[in-house]
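Student: Pasting a structure here, questions to come.
The values are calculated or read from the model by the stated rules, or taken from the named source; none is laboratory data. None of these values were measured; they are calculated from a predicted model. We place every Cβ from the backbone using ideal geometry, glycine too, and count neighbours over all the protein chains shown. Surface areas here come from the heavy atoms of the whole protein model, side chains and all, with no ligands, DNA or RNA. Shrake-Rupley method; radii C 1.70, N 1.55, O 1.52, S 1.80 Å.
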Amino acid sequence: MPATERPSERPSERRGAARTAVVWEALRPVLDGSAAGLDVLDIGGGTGGFAVRVAELGHRVVVVDPSPDALAALARRAREQGVEVVGQQGDLSTLLDAPGPAAADLVLCHGVLEVVDDPAAALATLREVLRPGGTLSLLVAQRHAAVVARAMAGHFQQALAMLDDPTPSGRSGRRFTHDELVALLSEAGFGAPRVHGVRVFADLVPGSLLDLEPGATSALVALEQAVAERPEYLPLATQLHVVVSR
């Protein structure tokens with residue numbers, strides 16, 4: 001899970017690395033802490049951007065996603081990288097349909113809680129599919145940063161409407177504050193979470209700077225990692241990432 005750019009990387013890969021480095025760094029202790037490998041469930045994992053990298057580390061990965069096209073792309077990606085990732089068509093609402101005990105040591109739920117009908121019920125389901133002592137990696141959009149983004153784009157009425165409104169809006173669905181997210185996790189029976197700010201600066205930096213300035217991606221990644229757990233920067237983060245135990 002390198003945090004520095006490689007000369008062969010395309011510009012889009014460098015920008016992607018800057019946006020996901022904090023998540024990978026937070027997951028490193030979990031992913032590196034099992035010599036036998038973990039049973040990993042990736043909810044809404046799509047084409048396998050995370051899942052394939054996790055499988056490359058020696059873990060057993062199942063991706064559950066409603067899109068057959070995404071699962072086909074996942075299969076191609078896994079073949080190209082020489083790893084095995086199981087793809088299953090479904091979503092959060094179908095996770096408990098199969099009989100049997102909880103089966104995951106690690107659940108990845110990135111960008112999914114925003115679009116479910118009932119976030120509290122979704123978190124309860126995620127807890128059910130985790131083994132005791134298992135870990136949930138939850139990534140959600142944050143409302144404070146969305147307000148700022150709307151205002152900076154000149155959409156002042158949208159920013160005003162979003163200030164204190166937790167209801168879904170647009171295709172991106174809900175956005176959460178830190179306090180709302182922590183309360184939902186507590187109500188679902190999870191322990192104390194570690195919360196990281198993701199994309200505090202990455203979405204504000206011009207893409208051309210990362211494309212043209214040598215070393216810019218590495219420096220940006222270092223900055224993102226340095227502020228990820230500082231509470232004063234959390235409201236600026238486009239996303240909140242939670243690592244929490246069952």
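Student: Looking at segment 19-123, which GluC sites (Glu not before Pro) are in a loop (DSSP not H, G, I, E or B) and have at most 16 other Cβ atoms within 10 Å?
Tutor: Answer in residue order: GLU84.
Student: Still on this structure, please answer the following. In debye to the nearest 20, how big a dipole does the chain give about its Cα centre with +1 on each Lys and Arg Cβ and -1 on each Asp and Glu Cβ?
Tutor: The dipole of the chain has a size of about 320 debye.
Student: Rounded to a whole number, what % of the accessible area of the chain do carbon and sulfur atoms account for, probe 1.4 Å?
Tutor: Of the solvent-accessible surface of the chain, carbon and sulfur hold 54 percent.
Student: Further, regarding this structure: Mean 1/r over all different Cα pairs, inverted: what Kirkwood radius does segment 24-111 give, in Å?
Tutor: This gives a value of 13.1 Å.
Student: Which order do ARG79, ARG230 take when ranked by solvent-accessible area (1.4 Å probe, heavy atoms of all protein chains), largest first?
Tutor: ARG79, ARG230
Student: Here's a follow-up. Just the accessible area per residue of segment 136-246, please: how many Å² with a 1.4 Å probe?
Tutor: Counting only protein heavy atoms, the per-residue value for segment 136-246 is 51 Å².
Student: Still on this structure, I have one more. Would you calculate, for the chain, the mean residue ellipticity at 222 nm contributed by helices, counting each DSSP H stretch of 4 or more residues as -39,500 (n - 2.57) and dividing by all residues, to the nearest 500? Provide the component values of the computation, followed by the final result.
Tutor: On the way: 9 runs with 97 residues, N = 246.
After summing the helix terms and dividing by residue count, I get -12000 deg cm²/dmol.
Student: Turning to a different aspect of this structure: How much accessible area does SER245 have with a 1.4 Å probe, in Å² rounded to the nearest 10?
Tutor: The value for SER245 is about 60 Å².
Student: With point charges of +1 on the Cβ of Lys and Arg and -1 on the Cβ of Asp and Glu, referenced to the Cα centre of the chain, which listed residue (LEU204, ALA153, SER245) lies farthest in the positive direction of the dipole?
Tutor: LEU204
Student: Stokes-Einstein diffusion coefficient for the chain at 10 °C in a medium of 1.306 mPa s, Rh from the Kirkwood formula over Cα pairs: what value in µm²/s?
Tutor: 85
Student: Charges on Cβ only, +1 for Lys and Arg, -1 for Asp and Glu, centred on the Cα centroid of segment 69-118; of ALA78, HIS110, THR94, which one is farthest towards the dipole's positive end?
Tutor: ALA78
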